[in-house]
Amino acid sequence: MSALRRPSPGALPRVLPGALPRLLTGFLLAAVVLLVGAAVLPQPAHAAGSGLDTVAEALKKSPVYVDPRVRDQLPDADRDALARKIRDADKPVFVAVLPDTPEFPQATLMRVLRAKVGITGVYVVHLGANGFNAGADRQVLAHNAVINLKTAAKDSHPGDAKGMVTDFARQAAAQARGEAPASWADGGGDGGGSATGLLIGGAVVVAGGVGGYALFRRAKKQREERERAELEALRVVVDEDITAFGEELDRLDFRPSEPGATDAMRTDYTSALDSYDLAKTRMAEARRPEDVRPVTEALQDGRFALATLAARRTGAPLPERRLPCFFDPRHGPSTTDVQWAPPGGAPRPVPACAADATRVADGLEPMTRTVRTAGGPQPYWNAGPAYSPWAGGYFGGGSVLTAMVAGTLLGSVLSAPSAYADSPSFFNGPEGGTESGADFNPTDFGGGFGDGGGFDGGGFDGGDW
């Protein structure tokens, strides 16, 4: 990383830290004087909003919206209690209870609502007497999780709007990634044209520079905290990988001076030892999740060197340089490709070690690498974007890795260029609770509210209601 450049002594006045607040305070007081006069004058009444615009504006300010026409489905006390639970969980879960009217068309309701709110998160809607649907941005909650939670809520609370939305929201808040949107921090409000609102609005405009800087600092702090948490989770996994590789070195029990040792064998062994030391050093130096990629690259090189050394010692054909086993890179270099598909996904070829290739051929589950997550143990491809550099070091990233994990949570992250193009490790995209506007995967936020069962629904892509 290049060194930070210090400003020259004359670039910024020494009095700037104190002068800036005083200057803004002066502007703020002047604005207050002007706005007080305006505030005492009659203000034009705001026309009440209608349809999804009203719902979207309300959800930007509070996690739960109940249309007055269906208030009996989720009374005010229950609505407020649910909103408090979601706020306390600090997760981007949005709940709407709406009447089944033409202003809320089933076919496009979820997708349009997500676009109008413009915040990444989990969205759940109860519509009319029995309609129920949910969707989520995949970086917040996996598509399969949405389907399963929705099905469970419907089956557990048939005909009970309060039970459905409360159960779903509680479970989703426990599993969702990201944080509550900053727009919930003020506790909501109608945004009307009152004198107080006008006065506060003017003050906010005047103090926009300070407010913008504060938001920037808050976002920066949140990102750093998130990266630290992700790195610590990755550290556990990578330390396991390094330990496993060290044990492989010990089991090989090669001595450079042993009878029959050749220069080629000694070179392989030295390469493996160098990779082991490099992996430990790089992991000790890692400060961000993306720093993990060189670690797993080193382990990949080391395992190939060990496989080559083992072949030389036994007289077997030298191994082909292949990607490691997709199911668990600790299994070493792959020996063949097998057809594999994630739940609900299309089959695709993935590299596999000999043992996992046999298991797949026999109709058994491969020995998959699982990692700890807030939702319990998950295969690494469903553990979130933090594992993209870990996997990228093993499999090279790019289109090869994206094709292998298509249809999984990691695949949805890697295939979202608009969201993650600015970061090769995919850490700077819109997380749960951040504004993305209409930039989201429309297949996650689609249509119908029918009562059909099964696993065909969920998400924003035509799921049943």
Residues in segment 328-339: is at least one of a type in the set (K, R), surrounded by 14 or more Cβ atoms within 10 Å (Cβ to Cβ) and out of contact with any Cys (no Cβ under 7 Å at 6 or more places or on another chain)?
yes
Being of a type outside the set (D, E, K, R), in contact (Cβ under 8 Å) with a residue 60 or more places away in the chain, surrounded by fewer than 21 Cβ atoms within 10 Å (Cβ to Cβ) and in a loop (DSSP other than H, G, I, E, B) is the requirement here; does G345 meet it?
yes
Residues in segment 138-145: is at least one small (G, A, S), closer than 26 Å to L409 by Cα, part of a loop (DSSP other than H, G, I, E, B) and in contact with a helix residue (DSSP H, G or I) (Cβ under 8 Å, 6 or more places away or on another chain)?
yes
Residues being part of a helix (DSSP H, G or I) and over 23 Å from A174 (Cα atoms): count how many of those fall in segment 77-112.
3
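For segment 279-291, which positions are within 13 Å of T243 (Cα to Cα) and either out of contact with any Phe, Trp or Tyr (no Cβ under 8 Å at 6 or more places or on another chain) or charged (D, E, K, R) (or both)? Steps first, answer last, please.
Kept after step one, since they are within 13 Å of T243 (Cα to Cα), are these residues of segment 279-291: 279-280, 283.
Residues satisfying the conditions are K280, M283.
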Evaluation of A386 against (1) surrounded by fewer than 18 Cβ atoms within 10 Å (Cβ to Cβ); (2) touching a Pro at 6+ places or on another chain (Cβ under 6 Å) (one fails), failing number
(1)
Please list, ordered by first then second residue, the pairs with beta carbon atoms under 9 Å, 6 or more apart or interchain, first in segment 223-250 and under 28 Å from V140 (Cβ atoms) and open to solvent by 60 Å² or more (accessible area, probe 1.4 Å), second polar (S, T, N, Q) and not in a helix (DSSP H, G or I).
R223/N428
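Could you please give the count of residues in segment 253-268 that are in a helix (DSSP H, G or I), in contact (Cβ under 8 Å) with a residue 24 or more places away in the chain and more than 40 Å from the chain's Cα centre (by Cα)? Walk me through how you get there before you give the answer.
First, pick out the residues of segment 253-268 that are in a helix (DSSP H, G or I): 263-268.
From the residues that got through so far, the ones that are in contact (Cβ under 8 Å) with a residue 24 or more places away in the chain too are 264-265, 268.
This time we only want the ones that are more than 40 Å from the chain's Cα centre (by Cα), so: 264-265.
Total satisfying the criteria: 2.
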Of all residues in segment 328-342, how many are in contact (Cβ under 8 Å) with a residue 24 or more places away in the chain and assigned to a loop (DSSP other than H, G, I, E, B)?
4
Taking segment 290-327 and keeping only residues that are in contact with a strand residue (DSSP E or B) (Cβ under 7 Å, 6 or more places away or on another chain), open to solvent by 10 Å² or more (accessible area, probe 1.4 Å) and either touching a residue at least 60 places away in the same chain (Cβ under 8 Å) or not in a helix (DSSP H, G or I) (or both), one is left with Q300, P319, R322, L323
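Looking at segment 270-289, which of the residues that are open to solvent by less than 40 Å² (accessible area, probe 1.4 Å) and in a helix (DSSP H, G or I) is farthest from G332 (Cα to Cα)?
Of the residues in segment 270-289, the ones open to solvent by less than 40 Å² (accessible area, probe 1.4 Å) are 272, 275, 279, 283, 286, 289.
This time we only want the ones that are in a helix (DSSP H, G or I), so: 272, 275, 279, 283, 289.
Working: A272: 13, S275: 14, A279: 16, M283: 20, P289: 23 Å.
So, considering only residues that are open to solvent by less than 40 Å² (accessible area, probe 1.4 Å) and in a helix (DSSP H, G or I), the one farthest from G332 (Cα to Cα) is P289.
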So, in segment 391-436, exactly how many residues are assigned to a helix (DSSP H, G or I), modelled with pLDDT of 80 or more and over 13 Å from the mean Cα position of the chain (by Cα)?
10
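Could you go through segment 359-371 and let me know if any residue there is in a helix (DSSP H, G or I), buried (at least 20 other Cβ atoms within 10 Å of the Cβ) and at negative phi. Before you say what the answer is, go through the steps one by one.
Of all residues in segment 359-371, those in a helix (DSSP H, G or I) come to 359-361.
Of the ones still in play, those that are also buried (at least 20 other Cβ atoms within 10 Å of the Cβ) are none.
Scanning segment 359-371 turns up no residue that is in a helix (DSSP H, G or I), buried (at least 20 other Cβ atoms within 10 Å of the Cβ) and at negative phi.
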Can you say whether V165 is open to solvent by less than 10 Å² (accessible area, probe 1.4 Å) and either closer than 20 Å to R69 by Cβ or part of a loop (DSSP other than H, G, I, E, B) (or both), as far as the supplied structure shows?
yes
Is there any pair with a first residue in segment 84-103 that is more than 14 Å from E179 (Cβ to Cβ) and a second that is assigned to a loop (DSSP other than H, G, I, E, B) and modelled with pLDDT of 95 or more whose Cβ atoms are under 6 Å apart and which are 6 or more apart or on different chains, and what are they?
V97/L74; L98/D67; P99/D67
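The values are calculated or read from the model by the stated rules, or taken from the named source; none is laboratory data. The structure displayed is predicted, hence computed values, not measured ones. As a convention, Cβ positions derive from the backbone with ideal geometry for all residues, glycine included, and neighbour counts pool all protein chains shown. SASA here: full protein model, heavy atoms, side chains in, ligands and nucleic acids out. Shrake-Rupley method; radii C 1.70, N 1.55, O 1.52, S 1.80 Å.
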